[in-house]
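Read the structure below first, then the notes.
The values are calculated or read from the model by the stated rules, or taken from the named source; none is laboratory data. The structure presented is a predicted model; accordingly, all values stated were derived computationally and were not measured. In this analysis, Cβ positions are derived from the backbone assuming ideal geometry, glycine residues included, and neighbour counts consider all displayed protein chains. Quick note on the areas: whole protein, heavy atoms, side chains included, nothing else; ligands and nucleic acids left out. Shrake-Rupley method; radii C 1.70, N 1.55, O 1.52, S 1.80 Å.
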Amino acid sequence: MKNLKRFLSLALCLMLALACVPAMADGHVKIGVLVSDATSSEALAFRAYYTEYIAKAYGVEFIYSDELTDAAGEKSAIDNFIVNNCKAVISFSSFDRPSQIDQCDAAGIYYAVATGTLSDEQYNEYKDYETYVGAIGPSNQIEFQAGYDMAAYYIDQGMTKFGMFGGAVPYYNDMHIYRAAGMLAAMVEKGGEGANYKGADNAGAIIGQIYADGSIEPCTIGSLELAAYVGGYDFNDAWFGKLAQMVGTEGIQAILTVGSGVDVLGGFISGSGVKLATVDSFTPAMKEAMDNGILDYMAGKFAASIGPIFAAMLNAVNGQPIRDGEGNALALGQGYWVATSAEQFAEYSAVDSSMTDPAYTKEILDQYAAAGVSYDDFAEFVSKYSFDEIVALKK
Amino acid sequence: MKKRPLLKKLLLSLLIPCAVLLVLEAIALGKGVRLFANADSWKLFFRAVANVTLTTFALSINLDSGRFDFSLGAVSMLSATVAGTLAQQWGIGPWPTLAIAVAVAALLGLIHGGVYVLTRIPPIIVSLGMALFYEGCAFAFTGGKGVSLVTRTDIIGFSTIGNYILVTAVAVALIVLLFDFTRFGANYRALVSGQKIAVETGIHEVGNALGCYAVSGALMGVVGFISLANTGSQQMALNFGSIGIMFTAFLPMFIGGWIGRYINKRVGIMLGAVSMALISLAFARFDTASSVQSIVSALLLVLFLIYLNNEFAILSKFRGKKEAES
């Protein structure tokens, strides 16, 4: 028995030593990635870009967290990254960003926000942290504009009666609230004289009204009508019933969705003649929906849009962080590609889904993941996010 | 034992669904809304009846034997994912897809049952593990993308009132047949009443448990397919994201138990599901916020359980008052 214990102890020590060898010998950079969504098509596309393209192109290793559901999970995941000797954390999770930044700073590892931004107050607090690399993604203003453009697209075609799917508006998700507010703002602006949403006739008031209600009420907005609204992700019979009712609302011409439009409404839209617009990503399922006339308008984050934040992070890890003239971290906005036809969608999708020649290739990123890149150069690079501008960069 | 006349039994059986309908119609009248306004309302109602009836059967089959099952939603999700993917690849129609979903789900149920009888770990723990395992399998099977059949009009076209009624009727008939008119059903009832005595009389509890898990799984396969055909897509869920579906089955299960005093218990469960479907329809028609829906559902469940636990006292008080008055 004693010998067996000795043998087991020896075997365990040997295993531990062997496990440490590759980690010590291999000098590659490990980056932890915090995710609160591991299943949406958008999240999967981002993950594929990092793990199937960037990891191979740059010889870095991405360690993904589980699908996080709260701030405690974020803290525990960062602890795990620290134990795994990660040099940096890229966060797609926003339950408690200040705590994430503080925790990474205390551990001396770099931190960056992907596909999102910090609030002005948060940015002012953390912009001069040495370990805070910055944030690149759609700001609330860009989300607002995405909603505005979607509604304006149909109103300009002469449509007057709309439905709206508010996604996570009832859960006070900023991104969805701003998109929905943009849609309502377009209706107010284009609804003729005196048009308003529950008395609100400007962007700030509309956003405030949605935050106050946690919901959106169907109503007449000048000459336009928001005839039906469904929010939340209940996935129960009553919720599916509401969605079917919305599609079946008499005279409804288009349904504007803040996200997941095809997934939650595709089955009901099919054959109804109602136009469906959404914010999603350039996946084969969306392409099929677009080809078959189920999806009519899509604003999509492209998978490689998270390339620039990786480049900025790599610069920081290599000791060349990109800072503005006052030493502040990055805070850059980045918007969507909008497809309104099957041909356009196919063109975008071909670039977006490529794992050999994605939108942001190593050749492009290398120009900015290098010493001496100024804040302004980097900001200009990020600001050229439209499909045509990126294609021009590739040339 | 006091025998009730058939008509009285029938009236008592229909008491809860009729009372629910009357209350909801009264509220609808007050709100100026029609409960059954159009074909979509009927479709919602019959889909809810089918979903809730089948889920409640699936839950109660094992729960009556003390086997709590958290994996029902995961079985439904994984079977629909496999069937939907094959439908996409092979171009098969709705009925073969449904058959695949049922077969896959029955197999998943059987595997779950197998793990339980082999390991003898408490069923609630096994079911939690299986729920996570099946969620992970569905995610891995599709690379997390889920299944999208929104362009498959034949499969989406399955979502008709006629098909919902057909599926519900066939499921109720088969379950009544299996659990009330076969040796398997007799053994099941004996095991539910007293496992030790039943085993001592020669009933093979392992085979019966495996059968129950397989039947429960098959029922969830139908639920998974109904959901897939309804939306045209199957979303993925991780970290117990799939377990919510089982909570829709508790109230109809208890209502079914109460109605089961007057009529066949399985038919009682279906009538309980009808009551729940009416409530779901009302939630949709009244545009009730999800938070309010949760509160109302929880209150109804608690109130019904309070009534069941204090039924004798409540009825005695009521009868005593009547006698005193007379």
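Observations
- Charge dipole magnitude, Cβ of K and R +1, D and E -1 - chain B, Cα centre, debye nearest 20: 920
- The Cβ shell under 12 Å around B:Ser216 holds other residues with a net charge of -1, Lys and Arg each +1, Asp and Glu each -1.
- With each label modelled as a point 7 angstrom along the Cα→C-beta vector, the B:Ala313-B:Asp154 pair spans 6.0 nm.
- Chain B shape via C-alpha gyration tensor axes, a/c threshold 1.5: oblate
- A:Ala55-A:Asp120 FRET efficiency (beta carbon distance; Förster radius 30 Å; 0.05 resolution): 0.35
- Here the protein assembly as shown is assigned +1 on the Cβ of each Lys and Arg and -1 on the Cβ of each Asp and Glu. Its dipole about the Cα centre then comes out at about 4380 debye.
- Averaging 1/r over each pair of different alpha-carbon atoms in chain A and inverting the result gives 22.6 Å, the Kirkwood hydrodynamic radius.
- For A:255-267, mean number of other protein chain Cβ atoms within 10 Å: 4
- Pairwise FRET efficiency - A:Ser76 versus A:Phe235, Cβ, R0 = 25 Å, nearest 0.05: 0.35
- Residue separation of B:Phe247 and B:Leu301 scaled by 0.36 nm, minus their Cα-Cα distance, works out to 18.4 nm of gained length.
- Dipole magnitude of chain A, debye to nearest 20 (Cβ charges: Lys/Arg +1, Asp/Glu -1, about Cα centre): 1260
- Three-way shape label, the range B:1-155, alpha-carbon gyration tensor, a/c 1.5: oblate
- Cα Rg over Rh - the range A:15-161, Kirkwood: 1.08
- Interface B-A: total buried accessible area of about 2400 Å², 1.4 Å probe, protein heavy atoms only.
- Relative to the longest principal axis of the Cα atoms of chain A, helix A:140-155 runs at roughly 30 degrees.
- Exposure check, 1.4 Å probe, all protein chains in place: A:Lys56 carries approximately 150 Å² of accessible surface.
- Where GluC sites (Glu not before Pro) fall in DSSP loop in the range A:260-350, at most 15 other Cβ within 10 Å: A:Glu326
- Positive-end extreme of charge dipole, the range B:2-103 - chosen from B:Gly93, B:Gly30, B:Leu12 (charges on Cβ): B:Leu12
- Net charge of neighbours whose Cβ lies under 10 Å from the Cβ of A:Tyr53, counting Lys and Arg as +1 and Asp and Glu as -1: 0
- Between 0 and 90°, nearest 10: helix A:342-352 axis offset from chain A longest Cα axis: 10
- Alpha-carbon spread of the protein assembly as shown, three principal axes, descending order, Å: 94, 90, 55
- With every protein chain in place and a 1.4 angstrom probe, the accessible-area ranking of A:Ser65, A:Ser215, largest first, reads A:Ser215, A:Ser65.
- The Cα atoms of the range A:347-391 give a gyration tensor whose axes a ≥ b ≥ c have a/c of 1.5 or more with a/b no greater than b/c, which makes the shape oblate.
- Charge dipole of the range B:110-199 about the Cα centre (unit charges at C-beta), most positive-ward option of B:Thr160, B:Thr182, B:Gly143: B:Thr182
- For A:Pro138, net neighbour charge (Lys/Arg +1, Asp/Glu -1) across residues whose Cβ lies under 13 Å away: -2
- Inter-chain neighbour count for B:237-249: the average number of beta-carbon atoms from partner chains within 10 Å of each residue's beta-carbon is 2.
- In the protein assembly as shown, a dipole from Cβ-located charges (positive for Lys and Arg, negative for Asp and Glu) runs towards its positive end, and of B:Gly224, A:Ile63, B:Ile121 it is B:Ile121 whose Cα lies farthest in that direction.
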